[in-house]
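First comes the structure, then the notes that go with it.
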Ligand SMILES: Cc1cc2nc3c(=O)[nH]c(=O)nc-3n(C[C@H](O)[C@H](O)[C@H](O)COP(=O)(O)OP(=O)(O)OC[C@H]3O[C@@H](n4cnc5c(N)ncnc54)[C@H](O)[C@@H]3O)c2cc1C
């Protein structure tokens, strides 16, 4: 028995019986997800009234993998489930949860994150996209950047400045922005690894209904911190391995997953591909080289330690803890791991590591690793920012000097 009185074997048996009675691959994906939402199997850790069962967080992963093992389909993948829903559940009004949670769970609406700007990344609270109230709506103007999947998202988690006469952290508001409108233009950006996952998003008199404010007007900062804390938990993402048989729900789930993961196809390479390093050394004929063996041993050690850190974080979450500073420790560990893996692959392949195409090391994967790994220590907060968080929140060191923290935002801008 676990601490919540739930036992994995019991959960599996109950789920198998329910799936046996309800699942058919011939129904539409939407119909199936409605059943999942009604039964609480879609997101068991969510509260019962919002489509869950109020169970501990570890049950989400158990149920998701068990649904696939049973040949069925689970909740959608994507930023809606990972970031938007937990943020709405923590800070949203009853009315906004009523409107926006279920379409996330059924996969009807996908989300993107509209936080970063050309002049505001690490210093996110210094952003300048403005939101001005106009009757029953807010009018938004500005530019966002680095916005993954914004080109096909239905909704955006938007952080904008609603008051520039107060200090920067206090003048922000968090909105659920409808993306499919004239005032929103998403332009894909081409990356050095040849993929195009991100966008610049231009907001020109974009409209948001007043009831789409998440949390309080001017209280967007703590809401954004919740989203960022969930983002730091992100690890390597892998597409679900759905049952290969035909069937409408399965076909639609595969199409949904393909569309979603198309922009993430390089993310395993971004994490460094430590899993390939032994095979790579064998293929290259250098597995007996003592220096390379040491590099591999160091890498595998780091990988194990990083996995234990992730397990500790998962255990804390299962006990009901909100994600906190341990997410920063885990994220930093993943950056170190990615760099060590890229370095080991370079030692093995030497100058050929730069080659791409069918005759290059591991069919171009190694070159993609080298070009993708830098993103690991930027996305979701840079390494330096994680170190600042650890210094303050874990080690209790004095906070960074922040001279612009207490003066009105408009004055910071005026001082240049
Ligand atoms: C793969 C990927 C996906 C992303 N997806 C999204 C997304 O979907 N939505 C979104 O809104 N954003 C997204 N981002 C943006 C990301 O959050 C920012 O790039 C990140 O926060 C860094 O901001 P910046 O690029 O403006 O760098 P800057 O903040 O300008 O930093 C430049 C350098 O200065 C250092 N630095 C800055 N401040 C400090 C400080 N106080 N102390 C010490 N060093 C400091 C940084 O560590 C860095 O080395 C994504 C980024 C990547 C790489």
### Query
Roughly what % antiparallel, to the nearest 5, for the DSSP beta bridges in the chain?
85 percent
### Message
To make sure I understand, if each residue's beta carbon is the centre and we count other beta carbons within 10 Å, what order do 172, 114, 276, 354 fall in, fewest to most?
### Response
354, 276, 172, 114
#### Entry: Exposure proxy order (Cβ contacts within 10 Å, fewest to most) of 180, 254, 282
180, 282, 254
### Message
For a protection proxy built on the mean count of beta-carbon atoms within 10 angstrom, sort 146-152, 41-47 highest first, please.
### Response
41-47, 146-152
### Query
Per the helix-only calculation at 222 nm, which mean residue ellipticity applies to the chain, given -39500 (n - 2.57) for every DSSP H run of n ≥ 4 and division by its residues, nearest 500 deg cm²/dmol?
-13500 deg cm²/dmol
### Task
Treat the count of other C-beta atoms within 10 Å as a stand-in for reagent exposure and order 140, 145 from fewest to most.
145, 140
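Only the coordinates and a few stated rules stand behind these numbers; no lab work does. Fair warning: this is a prediction, and the values are worked out from it, not measured in the lab. Ideal geometry is used to build each Cβ from the backbone, glycine not excepted, and the neighbour counts take in all protein chains shown.
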